[in-house]
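The structure under discussion appears below in the form of C-alpha cells.
The values are calculated or read from the model by the stated rules, or taken from the named source; none is laboratory data. All figures in this text were calculated on a predicted structure; none of them were measured in a lab. Cβ placement follows ideal geometry from the backbone for every residue including glycine, while neighbour counts extend to all protein chains displayed. Ligands, DNA and RNA are stripped out before the accessible areas are found, and what is left, the full protein with its side chains, is counted by its heavy atoms. Shrake-Rupley method; radii C 1.70, N 1.55, O 1.52, S 1.80 Å.
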Amino acid sequence: MDLRAELLKSIWYAFTALDVEKSGKVSKSQLKVLSHNLYTVLCIPHDPVALEEHFRDDDDGPVSSQGYMPYLNKYILDKVEEGAFVKENFDELCWTLTAKKNYKPDRNGNSVVSHQDAFKLWCLFNFLSEDKYPLVMVPDEVEYLLKKICTAMNVELNSCELDDYLSQEPQGQGGLTVWQFLDMVNSGRFLRGIEHEAVSMAVEEVYQEVIEDGYLWKRGQLRRNWSERWFTLKPSVLSYYMSEERKEKKGSIMLDKHCCVEVLPDRDGKRCMFCVKTSSRTYEMSASDTRQRQEWTLAIQTAIRLQAEGKKSLHKDLKQKRREQREQREQRKAAKEEETQRLKQLQEEKERKLQELELLKEAQRQAEILLQEEEQRRRQQHEEMQRTLEIQLREAEQARASMQAEMVLKEAEAERQRKRILELEDMQERLQEALQQEVKARQDEEAVRYAQARLLAEEEEKLKDLMRLKEEQEEYILKTQMEKQVLKQEMENKNKCLEEAQRQLEEVRVNRQRVDQDVMAAQRKLRQASTNVKHWNVQMNRLMHPIGPGDKRTNVSGGVFAGYQPLLSRRDSSLK
C-alpha cells in the first residue's frame, strides 16, 4: 500500500463525516475548508486560485466524491512528498472530523480505551483494512490486531469467543467497520479484568511497533554530547526530530544495502548502546532498556533488508502475505465447492448407471437360461479336465511336502544364526563395558595430572617466596652493617622463616612424589583396560567367523565389528 492509498483512506473518513445527509455529496464550502486544512497538514503551498476555479460554477449544490477526486489528485495528492509532513497530524485532522460524528464512547466513562487510544486503533485499522470502499477489516486481520494487543499485555486471546462475536454480527463474516471494531473493544468482552492503563500501554506499544518511531539518545558528531531525539523509521531513511511533535527536524540517516547495525558495549555512563554504520558515517545511539534496543536494531535491520529487496515496510509485507494466504484459502474453498458439485454430478451419473445396471441384470438372467443349456454340454468336458487337475494336484502336494522339509532345515539354520547374533550382542556389551573402563581410567589420569600441575604451581609459588626472602635478607645485611647487634636478632628470625619455607618445600616435594605414584597407578590401570579391550576384540573376531559343517576353527580378523579395530588402535596409540 503506497502513500497515496494511505492518505485516501483517512480522507475518505473525513469526506463521509462531512456528508451529513448520507447522500454521497458534500457542500462546496465544507470541501473548501477541508482542502485548506489538507494543504496545511500536508505542508503543501496553498493555491487559492486553483481552489476557486475548480469549485466556481453556477451550481451551488453539493459535490460527490467523484467530483472532488480530480481536484484532490491534481492539486493535493500529486504534490505530497513522503517525509515532508507529519502523518500523525494528518491522521489527527481526519480523525477529529470523523470522530465527532461516528465515534460514540460510553457517556458514563466506562469505555475500555481513551479517546487518544481510539485514535491509535483507528490508525491501525486503516493500516490493516482492505483497499476497498467502504473500508472494512476482515476477521483474520481483526484477530491478528487483537492478538497483538493481548500479546503486549501477556494475555491470551479467546479465539472461540471472537468467532462467536463475529458470527452474531450481521456483517461480521465479511468484515467489521472501524466503528464496529471500536464498539467491540469498548464493550470489554475480550479484555475483562484488565486495567485501562494496561490496555492503553498495549495499544501504544502496538502503534509504535507499526508506525516504527520513538525516543532514543543520540551522540553528536562534533561536540560528542548525548541528546534525546524522536526517531522515525522508514524503509529508506531514519529521521530524527527535537520532540515527538516533529516540528523541528534535526537530521536523517539514509539506509541502503551497505548499511549495518551493531550492538555496542556500555560506556561513558550510557547503557543499551548500538550504532548504525553507513558508507560515510557511524551514528551512535542509546536505548532506555535492552528490549527497546533489540526492537530498534531488529527494525532497522529489517528496513535495510526490505530496502535491498525493493519492499516498502515489514508490516506492509506481512499484511500482503496474509492477504495472499486468505486469497489462497478462498481459492481452495472455491475448488472444494467445485469438487463437491462435481461429486454431486458423479452421484447422479452413478444413479443413472445403476438403472442401466438393472436393465443389464435382466438381460443377464435371460442369458443365464441359455448358459445353463450350454453348461450341460460343457460339464462333461469339465469332468475330464477335473481328473487331469487332480493328477496335477497330487504332484503339487508332493512338491509342497519336499519344500516343507526344506523349510524345516532353513528354520533350524536360522535358529543357529539367531543364537550366534545373541552371542555377538553379549560380546558387544562386554566390549562397551571395557571401553567405559578405559574412559574412566583416562579421566582418573587427567584428574591426577591436574592435581600434579596444581602441586607444581604451589611449589613454584613457594620457591618464589623463598627467593624473595633471600633477597630481603641480603638487603638487610648490606643496610645494617653498622647495626649488627640489632640485625642479628632479625637474621635469626629470617633464618627461622627460611627453615620453615624449606620445610614446606620439602612437604610439597613429598606430595609431588605421591602424585607421581598416583599417575603411575592410573597409567597401569589404563594399560590393563587397553589389554582387556584387545582381548575382547580377539574374542569377538573369533565369534564373528561363521563355522560351517566340516570347517576348521580358525582366527579371522574380519567380522561384523571389524570397524572397532581401527578405533581401538587409535585409543592404544593415544594412551601410549
Inset, instruction - Would you work out which of Gln30, Leu42, Asn73 lies farthest towards the positive end of the dipole of segment 1-102? Charges go on Cβ: Lys and Arg +1, Asp and Glu -1. - result: Gln30
Legend entry - Accessible area expressed per residue, segment 1-102, with surrounding protein chains retained (probe 1.4 Å, Å²): 52
Inset, instruction - Could you work out how far apart the two model spin labels at Glu339 and Val80 are, taking each label as a point 7 Å from the Cα in the direction of the beta carbon, and quote it in nm? - result: 4.4
Inset, instruction - Could you rank Val510, Val26 by how accessible they are, 1.4 Å probe, largest area first? - result: Val510, Val26
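Are there any trypsin sites (Lys or Arg not before Pro) in segment 219-282 that are in a DSSP loop and have at most 16 other Cβ atoms within 10 Å? List them by number.
For trypsin sites (Lys or Arg not before Pro) across segment 219-282 that sit outside H, G, I, E and B with at most 16 neighbouring Cβ atoms in 10 Å, the list reads Arg223, Arg224, Lys247, Lys257, Arg271, Arg281.
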Inset, instruction - Subtract the Cα-Cα distance of Asp183 and Arg454 from 0.36 nm times their separation in residues, and report this length gain in nm to one decimal. - result: 90.1 nm
Legend entry - Fraction in percent of alpha-carbon pairs per bin - 10 Å, segment 1-102: 14, 51, 31, 3
Legend entry - P(r) weight above 19 Å for segment 78-166, C-alpha pairs, percent: 55
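What FRET efficiency would be calculated for the residue pair Leu360, Glu384, taking the C-beta separation as r and a Förster radius of 30 Å, to the nearest 0.05?
Computed FRET efficiency for Leu360 and Glu384 comes out at 0.35.
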Inset, instruction - Provide, in order from the shortest bin, the percent of all Cα-Cα pairs of segment 411-547 in each 5 Å bin, continuing until the bin that contains the maximum pair distance. - result: 2, 9, 11, 10, 9, 8, 7, 6, 6, 6, 5, 5, 4, 3, 3, 2, 2, 1, 1, 1, 0, 0
Inset, instruction - Apply the Karplus parameterisation 6.51 cos²θ - 1.76 cosθ + 1.60, with θ equal to phi minus 60°, to every residue of segment 516-522 and state each ³J(HN,Hα) to the nearest whole Hz, in sequence, with x for glycine and proline. - result: 4, 5, 4, 5, 5, 5, 5
Inset, instruction - Pop a pseudo-label 7 angstrom from the Cα along the beta-carbon direction at both Lys100 and Ser114 and give the gap in nm to one decimal. - result: 2.3
Inset, instruction - Estimate the FRET efficiency between Asn154 and Val237 by the formula 1/(1 + (r/R0)^6), using the beta-carbon distance for r and 51 Å for R0, to the nearest 0.05. - result: 0.90
Inset, instruction - Rounded to the nearest Å, what's the spacing between the alpha carbon centres of segment 12-56 and segment 113-188? Just the number, please. - result: 30
Inset, instruction - Pop a pseudo-label 7 angstrom from the Cα along the beta-carbon direction at both Lys484 and Tyr144 and give the gap in nm to one decimal. - result: 10.1
Legend entry - Expected-Rg normalisation [2.2 N^0.38 Å, Cα atoms] applied to segment 364-446: 2.80
Inset, instruction - Arrange the residues Cys43, Cys123 by how much accessible surface each exposes, largest first, with a 1.4 angstrom probe. - result: Cys43, Cys123
Inset, instruction - Return one quarter of the surface area of the convex hull spanned by the alpha-carbon atoms of segment 417-470, equal to its mean projected area, in nm². - result: 3.2
Inset, instruction - Could you order Ile253, Ile391 so the one with the most accessible surface comes first? Probe is 1.4 Å. - result: Ile391, Ile253
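Placing +1 at every Lys and Arg Cβ and -1 at every Asp and Glu Cβ, with all other atoms neutral, what dipole size does segment 1-102 have around its Cα centre, in debye to the nearest 20?
280
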Legend entry - segment 342-365 and segment 498-547: distance between their alpha carbon centers, rounded to Å: 89
Inset, instruction - Provide the three semi-axes, in whole Å and in decreasing order, of the ellipsoid equivalent to segment 454-530 as defined by the square roots of 5 times the Cα gyration tensor eigenvalues. - result: 42, 10, 5
Legend entry - Set of segment 270-304 residues, backbone N closer than 17 Å to the point 7 Å along the Cα-Cβ line of Glu205: 288-299
